[in-house]
Amino acid sequence: MNTTTLKNRLNRKLETITIEKEKETMSEAVITTTNKGYVALNNNTIDIIKENLKNQPISLQLFDTVKSPAGGSTVFSVPGIAGDETEKSISGIILDYTTPRAYWETTDPVEGTPPTCYSKDSLVSFDGKACSHCPFNDFGSRDGGTNAKACKESVALLILRPDNIMPIIVRIPVSSKLIFQRYLTRLIGKMLPISSVVTKITLEKSTNKSGQPYSVYNFEAVEVLSDDEAANAKAFGKGLMEILATESDRVAS
């Protein structure tokens, strides 16, 4: 075997090894991207949802909801495919949120009972009346000798988690509404849209003036998304909200 032939064989072998190395590197990159979670942001999820639904709207009532725990609990009860799962924290991208409120004539309505009056933004009721002028928005209007309002306020967060292309709804009680608003203000101060960060939500136990325990919600930005990820999250959230059936949803219930 002459020198020229040997060199050609060695060059071809080196090229083969280089190509295989490049394939391994690409595979590792794909795995890294996939393991980061948020599959909904890496695919044409909105198009798939629309295609499967045949352009029919979906309702917020179909989404799994994490409600405020009772008794000052510091763990969440999160719906799962095998039943409710206990979690110490909830982390994900807040795609959007609403500030609903609702009024029931009874102070202890049966779960699932439609409210007498409700609002999706805490500003205007479903029948077009200003919430600020409603007597049930006054402190002390709720029966029971407390200073609470008869019209129940809350915040409903639409959170995308890494392990699911469909978000969950996390309900924030009025007792933690100001804490959430302060978190929003801190993000504004850093010029960060709410959907451009991964938010971690935790609970701590506190007691009110009457000595009753309740859960306080805390919010922390644990990761800032890249520009591409933030743009994809914003687009996904906007597309999802566009296909939600908002007219019939009583998100305050």
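What number of residues within segment 66-99 are among the hydroxyl-bearing types (Ser, Thr, Tyr) and farther than 19 Å from Ser195 by Cα? Total meeting the criteria: 5. Close Cβ contacts (under 7 Å, 6 or more residues apart or on different chains) running from residues in segment 66-80 that are over 11 Å from Ile90 (Cβ atoms) and in contact (Cβ under 8 Å) with a residue 60 or more places away in the chain to residues that are open to solvent by 50 Å² or more (accessible area, probe 1.4 Å) and polar (S, T, N, Q) comprise Pro69/Ser77.
Would you please name the residue that is most open to solvent (accessible area, probe 1.4 Å), looking only at residues in segment 157-180 that are assigned to a loop (DSSP other than H, G, I, E, B) and within 17 Å of Glu229 (Cβ to Cβ)?
Step one: of segment 157-180, the residues assigned to a loop (DSSP other than H, G, I, E, B) are 161-167.
Filter once more, keeping what is within 17 Å of Glu229 (Cβ to Cβ): 161-165, 167.
Numbers: Arg161: 36, Pro162: 56, Asp163: 121, Asn164: 78, Ile165: 67, Pro167: 5 Å².
Among them, the one singled out is Asp163.
Within segment 179-192, residues that are more than 18 Å from Val155 (Cα to Cα) and without any contact (Cβ under 8 Å) to a residue 60 or more places away in the chain reach partners that are part of a helix (DSSP H, G or I) and open to solvent by 50 Å² or more (accessible area, probe 1.4 Å) with beta carbons closer than 9 Å, at six or more positions or on different chains, in the pairs Leu192/Arg186. Within segment 181-202, restricting attention to residues that are closer than 20 Å to Phe236 by Cβ and more than 15 Å from the chain's Cα centre (by Cα), which residue is surrounded by the most Cβ atoms within 10 Å (Cβ to Cβ)? Selected residue: Leu187. Where strands (runs of 3 or more DSSP E) sit wholly within segment 78-156, those with at least 2 residues that are buried (at least 20 other Cβ atoms within 10 Å of the Cβ) occupy 89-98, 101-103, 117-119.
Restricting attention to segment 51-77, which residues are part of a loop (DSSP other than H, G, I, E, B) and surrounded by 12 or more Cβ atoms within 10 Å (Cβ to Cβ)?
As a first pass, look at segment 51-77 and keep what is part of a loop (DSSP other than H, G, I, E, B): 54-57, 59, 63-64, 67-75.
Answer for segment 51-77, where residues must be part of a loop (DSSP other than H, G, I, E, B) and surrounded by 12 or more Cβ atoms within 10 Å (Cβ to Cβ): Pro57, Ser59, Phe63, Asp64, Lys67, Ser68, Pro69, Gly72, Ser73, Thr74, Val75.
Can you tell me which residue in segment 203-234 is farthest from Arg161 (Cα to Cα), limited to those that are basic (Lys, Arg) and either open to solvent by less than 50 Å² (accessible area, probe 1.4 Å) or not in a helix (DSSP H, G or I) (or both)? Per the stated criteria, the residue is Lys209.
The values are calculated or read from the model by the stated rules, or taken from the named source; none is laboratory data. Since we're looking at a predicted model, the values are computed, not measured. Counting neighbours? That spans all protein chains shown, and the Cβs are built from the backbone with ideal geometry, glycine included. Side chains are part of the model used for accessible areas, which takes the heavy atoms of the whole protein and leaves out ligands, DNA and RNA. Shrake-Rupley method; radii C 1.70, N 1.55, O 1.52, S 1.80 Å.
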